[in-house]
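Take a look at the structure below.
The values are calculated or read from the model by the stated rules, or taken from the named source; none is laboratory data. This one's a predicted model, so the numbers in the text were calculated from it and none came from an experiment. Glycine also receives a Cβ, built like all others from the backbone with ideal geometry; neighbour counts cover every protein chain displayed. Surface areas here come from the heavy atoms of the whole protein model, side chains and all, with no ligands, DNA or RNA. Shrake-Rupley method; radii C 1.70, N 1.55, O 1.52, S 1.80 Å.
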Amino acid sequence: MSLLSLRDVRVQFNTAGGVVRAVNGVSLDLAVGETLGLVGESGCGKSTLGKAIMKLVPVAGGEIVVEGVDIAPLNREQLTEMRRKVQMIFQDPYGSLNPRSTVGRSVAQPLVLAGWKADATAERVETLLRWVGLPSDAKQRYPHEFSGGQRQRIGIARALALSPKLIICDEPVSALDVSVRAQVINLLEDLKSQFGVSYLFISHDLSVVEHIADRVAVMYLGMLFEIGGRDQIWKSPQHPYTKALLAAAPIANPKLARARQRTVLQGELPSPLNPPPGCPFNSRCPMAQDRCRVEKPVLRPVSNGAQAACHFV
Amino acid sequence: MGGSALPLEITDLRTTLFTRRGEMKAVDGLSLTVGAGETVALVGESGCGKSLSALSIMRLLPDPPARIVGGQVKLNGRDIVPLPEETMLGIRGKEIGMIFQDPLSSLNPVATVEKQIVEVLMTHTELGRGQARVRAHELLELVGMPDAARRLDAYPHQLSGGMCQRVIIAMAIACSPSVLIADEPTTALDVTVQAQVLALLKKLQADAGMAMIFITHDLGVVAETADRVVVMYAGRKVEEASVDELFESPLHPYTVGLIGATPTPGAARAERLADIPGMVPPLNALPQGCAFAPRCKRVMDRCLTEKPNLTVPGAGRLVACFAAEGG
């Protein structure tokens, strides 16, 4: 059984300009102990999908199944139970911590809400802070006294409090400096091997995702374009968008950077208010044909062992 | 250009922040030259002084609290540090172009694209309004603006981040400056648009032979764009090398750390990233010796009391580290 199973998930927002289909029928599975990287450019719906799983945005359709339980019909109490299993960390740890609450209280909050006794809570907070590499006196201090990397550790400690099975990481290292980013990535990997927690790792940074993910899902304008093993995707990407995305990512090695064939993708992301009919990538795709302008492709198995949504691979 | 001056030659530039908490040396003796057609990347983490270096070079420091307290910035042979602001107004945008990270906030929100480009042209050239408008259209075509003719009448908020950055680039190169300073020009852009903008900058630079300073924290972008790299830490240059040498054989432990902390494509999985412990120290609490000593794996007694100066470990290379000197 998958830890997380999404079937045809849809999220839409009504705006003054019309309906934005931020997530437009996404299906995927995440296994126990797995890190699934979710990549795409801004506006592709990756963060919205993460929030939909947490029920932080209204879901317009489809099924979100956590450990075999569809979360749509859950009442408040059952939802609290579900949220123990699934936690989230955010890009801006400062924005997700109460500035007037000590770090100890912030980390303890999920425990208090879950009905833990004071002694047990205090002990657990100590343990959590130690796990994420913060000094024990951190609990008396306030978020503003910490650097960005340390704040992200606080967010991770709080997410870990109730021993979740899955942590949704929404751009967790994007605001951090290179050296600190490596610290946080290493911490996430250590916690995974120690506790067997799974990650849905949402990021626009392909080099980070290549480093951390077991499998990778690529989104574009609300649709899932390709999903497969890390090596399948990186060594033989099938979808033209995946190819273009990987070709555009800078490589931190000047010789490799010069040697590679680089086809720069033309154009920009179309407005999500008015996506092209058929395949939403057809306006930029080098392979686009008439069929792509009328018929939306569906995800199906392709030659690299992954799945891709394109008529011509 | 036999015998004539380099486009940009910076000598011992010092910029200090005068704050209530005391004086902080944000740029502490930076020397740097950039030749025609050359791209020098200025790399480091937040607070290392790379952006304040750029603002110093352009004389755009927020004063107070920041002020240049020493050194020279020679632009085509002329030191611009002592020049009055009125003279700088004629130099910025003409001899030296600038591109910033956030394109939207560098544009005037209530003026059309055409008006903003025309203004630059009419300030710095003899072109009349009609000619300037024609030139503005040409410039937009040159920077690859999709549907350029129609975008002339657009306001910045009607354009995407990538398109705004193209407008900024058009304005920066409008007067064919000899030096272009790009401060994190692609950091706010999506990766496919970043690739477009980097390719555009490279092409424009090659065509016009501009000297370019490229400020970034992203080693991937450095590897893709730079000829030479200057690594900064806590306001000082700690290493300089050609891009190939820097990535192949970094000498300063900080450079080694930065490269180790950056995931490399195709690397074997399961390898931990080599992180650098701790974080960049605040400028008002720098250690007495080498600023990197508290985080350094190769720290020695001497590093704690004495600041290392730049030495020449090989042709075209510079490093400020006692350990790298000795070994």
**Message:** For the list (1) farther than 25 Å from A:Ser147 by Cβ; (2) within 19 Å of the chain's Cα centre (by Cα), I need the number of the one condition that B:Leu258 fails.
**Reply:** (1)
**Item:** Residues of the range B:139-158 classified as open to solvent by 20 Å² or more (accessible area, probe 1.4 Å) and in contact (Cβ under 8 Å) with a residue 24 or more places away in the chain, total
**Value:** 6
**Asked** Of all the residues that make up the range B:159-188, how many are open to solvent by less than 10 Å² (accessible area, probe 1.4 Å) and either in contact with a His (Cβ under 6 Å, 6 or more places away or on another chain) or facing another protein chain (nearest Cβ under 10 Å) (or both)?
**Response** 2
**Asked** Quick check, is B:Val280 within 14 Å of another protein chain (Cβ to nearest Cβ), outside any helix (DSSP H, G or I), within 30 Å of A:Ile212 (Cβ to Cβ) and open to solvent by less than 20 Å² (accessible area, probe 1.4 Å)?
**Response** no
**Filter result for A:Val216 (within 20 Å of A:Arg300 (Cβ to Cβ) and in contact with a helix residue (DSSP H, G or I) (Cβ under 8 Å, 6 or more places away or on another chain))** = yes
**Message:** Suppose the filter is loosely packed, with under 15 Cβ neighbours inside 10 Å and within 16 Å of the chain's Cα centre (by Cα); does A:Leu79 pass it?
**Reply:** no
**Asked** Would you pick out the residues in the range A:219-241 that are within 13 Å of chain B (Cβ to nearest Cβ), open to solvent by less than 10 Å² (accessible area, probe 1.4 Å), assigned to a strand (DSSP E or B) and not hydrophobic (A, V, I, L, M, F, W, C)?
**Response** A:Tyr220
**Message:** Of everything in the range B:222-240, what is open to solvent by less than 10 Å² (accessible area, probe 1.4 Å) and over 12 Å from the mean Cα position of the chain (by Cα)? Give them in sequence order.
**Reply:** B:Ala223, B:Tyr233, B:Ala234, B:Gly235, B:Glu239
**Request:** Go through the range A:190-209 residue by residue and tally those that are over 12 Å from A:Ile156 (Cβ atoms), of a type outside the set (A, V, I, L, M, F, W, C) and out of contact with any Gly (no Cβ under 8 Å at 6 or more places or on another chain).
**Result:** 3
**Asked** Does B:Met88 satisfy being crowded, with 17+ Cβ neighbours inside 10 Å, assigned by TED's automatic domain parsing to the domain that holds B:Ala182, at pLDDT 90 or above and over 18 Å from the mean Cα position of the chain (by Cα)?
**Response** no
**Prompt:** Name the residues in the range A:166-201 that are assigned to a loop (DSSP other than H, G, I, E, B), farther than 26 Å from B:Ser46 by Cβ and either within 14 Å of chain B (Cβ to nearest Cβ) or modelled with pLDDT of 95 or more (or both), would you?
**Reply:** A:Val197
**Fill in**
The residue that is most open to solvent (accessible area, probe 1.4 Å), considering only those in the range B:55-80 that are assigned to a loop (DSSP other than H, G, I, E, B) and free of Cβ contacts under 8 Å to residues at least 24 places away in the same chain, is B:Asp63
**Message:** Anything in the range A:285-313 that is out of contact with any helix residue (DSSP H, G or I) (no Cβ under 8 Å at 6 or more places or on another chain), open to solvent by less than 60 Å² (accessible area, probe 1.4 Å) and under 27 Å from A:Phe13 (Cβ atoms)? List them, or say none.
**Reply:** A:Cys292, A:Pro297, A:Leu299, A:Ala309
**Request:** Among the candidates B:Gly37, B:Gly47, B:Gly29, single out the residue that is in the same structural domain as B:Met279 (by TED's automatic domain parsing), assigned to a strand (DSSP E or B) and open to solvent by 10 Å² or more (accessible area, probe 1.4 Å).
**Result:** B:Gly29
**Request:** Looking at (1) open to solvent by 20 Å² or more (accessible area, probe 1.4 Å); (2) over 30 Å from A:Met219 (Cβ atoms), find the lone condition where B:Val243 falls short.
**Result:** (1)
**Request:** Residues being farther than 26 Å from B:Gln288 by Cβ and either within 14 Å of chain A (Cβ to nearest Cβ) or among the small types (Gly, Ala, Ser) (or both): count how many of those fall in the range B:22-39.
**Result:** 4
**Prompt:** Is it the case that some residue within the range B:229-243 is over 19 Å from B:Leu8 (Cβ atoms), facing chain A (nearest Cβ under 9 Å) and in contact (Cβ under 8 Å) with a residue 24 or more places away in the chain?
**Reply:** no
**Prompt:** Do we find a residue being crowded, with 23+ Cβ neighbours inside 10 Å, without any contact (Cβ under 8 Å) to a residue 60 or more places away in the chain and closer than 28 Å to B:Leu283 by Cα anywhere in the range B:189-207?
**Reply:** no
**Message:** Looking only at the range B:209-218, how many residues end up being open to solvent by less than 10 Å² (accessible area, probe 1.4 Å) and within 11 Å of chain A (Cβ to nearest Cβ)?
**Reply:** 1
**Request:** Would you point out the residue of the range A:255-284, among those that are surrounded by fewer than 18 Cβ atoms within 10 Å (Cβ to Cβ) and among the hydrophobic types (A, V, I, L, M, F, W, C), that is farthest from B:Ala195 (Cα to Cα)?
**Result:** A:Leu273
**Complete:** Filtering the range B:1-21 down to residues that are over 19 Å from B:Asn284 (Cα atoms) and surrounded by fewer than 18 Cβ atoms within 10 Å (Cβ to Cβ) yields B:Met1, B:Gly2, B:Gly3, B:Ser4, B:Ala5, B:Thr11, B:Asp12
**Request:** Would you please name the residue that is most open to solvent (accessible area, probe 1.4 Å), looking only at residues in the range A:242-254 that are within 7 Å of chain B (Cβ to nearest Cβ) and of a type outside the set (Val, Ile, Thr)?
**Result:** A:Asn253
**Prompt:** Could you list, in sequence order, the residues of the range B:303-327 that are under 29 Å from B:Arg21 (Cβ atoms) and open to solvent by 40 Å² or more (accessible area, probe 1.4 Å)?
**Reply:** B:Leu304, B:Thr305, B:Glu306, B:Lys307, B:Asn309, B:Leu310
**Message:** Among the residues that make up the range A:26-34, is at least one of them over 18 Å from A:Asp214 (Cβ atoms) and assigned to a loop (DSSP other than H, G, I, E, B)?
**Reply:** no
**Prompt:** Within the range B:262-275, is even one residue within 11 Å of chain A (Cβ to nearest Cβ), closer than 23 Å to B:Val40 by Cβ and touching a residue at least 24 places away in the same chain (Cβ under 8 Å)?
**Reply:** yes
**Request:** Would you check if there is a residue in the range B:121-130 being of a type in the set (A, V, I, L, M, F, W, C) and either in contact (Cβ under 8 Å) with a residue 12 or more places away in the chain or assigned by TED's automatic domain parsing to the domain that holds B:Leu32 (or both)?
**Result:** yes
**Request:** From the list B:Glu126, B:Glu141, B:Glu95, B:Glu119, pick out the single residue that is charged (D, E, K, R) and within 23 Å of the chain's Cα centre (by Cα).
**Result:** B:Glu95
**Message:** Here is a check on your reading of the model: is A:Gln183 over 18 Å from A:Leu4 (Cβ atoms), of a type in the set (S, T, N, Q) and open to solvent by 40 Å² or more (accessible area, probe 1.4 Å)?
**Reply:** no
